[in-house]
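To start, the structure itself, in structure tokens.
The values are calculated or read from the model by the stated rules, or taken from the named source; none is laboratory data. Keep in mind that this is a model prediction, so the values were computed, not measured. Please note: Cβ atoms are built from the backbone with ideal geometry, for glycine as well, and neighbour counts cover all protein chains shown. SASA here: full protein model, heavy atoms, side chains in, ligands and nucleic acids out. Shrake-Rupley method; radii C 1.70, N 1.55, O 1.52, S 1.80 Å.
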Amino acid sequence: MAQEPTYDQLVQRLKALEKDVAGRHREVRRLLDSEQTYRSLFEDAEILSSIFDENGICLLMNRKLASLFGGAPEEFIGKAFGDLHPEAASEYKRRITKVVASGKVRSYENCLQFPDGQRWLLSTVHPIDDGSGGTR
């Protein structure tokens, strides 16, 4: 039968747990600060930036690109690429599929329609590591 811990052992264990919690709190704060830094860089960049998943659904869009569509970024989150650029949707889907399959970054030039007219854009498609050695 296991012996009950002594008061001193419990105090030591409590101090160890408090130290662990404090360390975890610092790590969470560091991660939140880092996420905020990168989000600010993305949101406030003077380049057009967006992140779409492998199904063509918008996950993130920065202010600069959203302004071309005449709105705020949150208005476009969850929308399909085809909703934003129906004329180019099948070509972009093909490109995303190719990039995901190859795992290599590719750039493409396109003339796309926006509410204020057509614009030529250089799009760079990056595969994203899925955490298990593959890409998405």
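Across the options ALA66, GLY103, PHE114, the greatest Cα extent toward the positive end of the charge dipole of the chain (unit charges at beta carbon of Lys, Arg, Asp, Glu) belongs to GLY103.
Here are a few candidate values for Rg and Dmax of the Cα atoms in Å: (1) 23.3, 80; (2) 14.7, 44; (3) 17.9, 59. Which one was actually calculated from the structure I just gave you? Here Rg and Dmax of the Cα atoms in Å agrees with entry (1). A straight Cα-to-Cα reach below 29 Å connects LYS79 with the lysines LYS64, LYS93, LYS98, LYS104, residues fewer than 8 places away in its own chain not being considered. Highest GNM mean-square fluctuation among PHE42, PHE114, PHE81, for the chain modelled with Cα contacts below 10 Å: PHE114. Between the helical axis of 89-102 and the longest alpha-carbon principal axis of the chain there is an angle of about 50 degrees.
Helix 7-44 axis versus longest C-alpha principal axis of the chain: approximately 10°, rounded to the nearest ten. What FRET efficiency would be calculated for the residue pair ILE77, GLU18, taking the C-beta separation as r and a Förster radius of 35 Å, to the nearest 0.05? Plugging the Cβ-Cβ distance into 1/(1 + (r/R0)^6) gives 0.35. By accessible area, using a 1.4 Å probe on protein heavy atoms only, region 76-136 has 51% of its surface on carbon and sulfur.
Projecting the Cα atoms of PRO86, TYR7, PRO127 onto the dipole axis of the chain, where Lys and Arg carry +1 and Asp and Glu carry -1 at the beta carbon, places PRO127 farthest toward the positive end.
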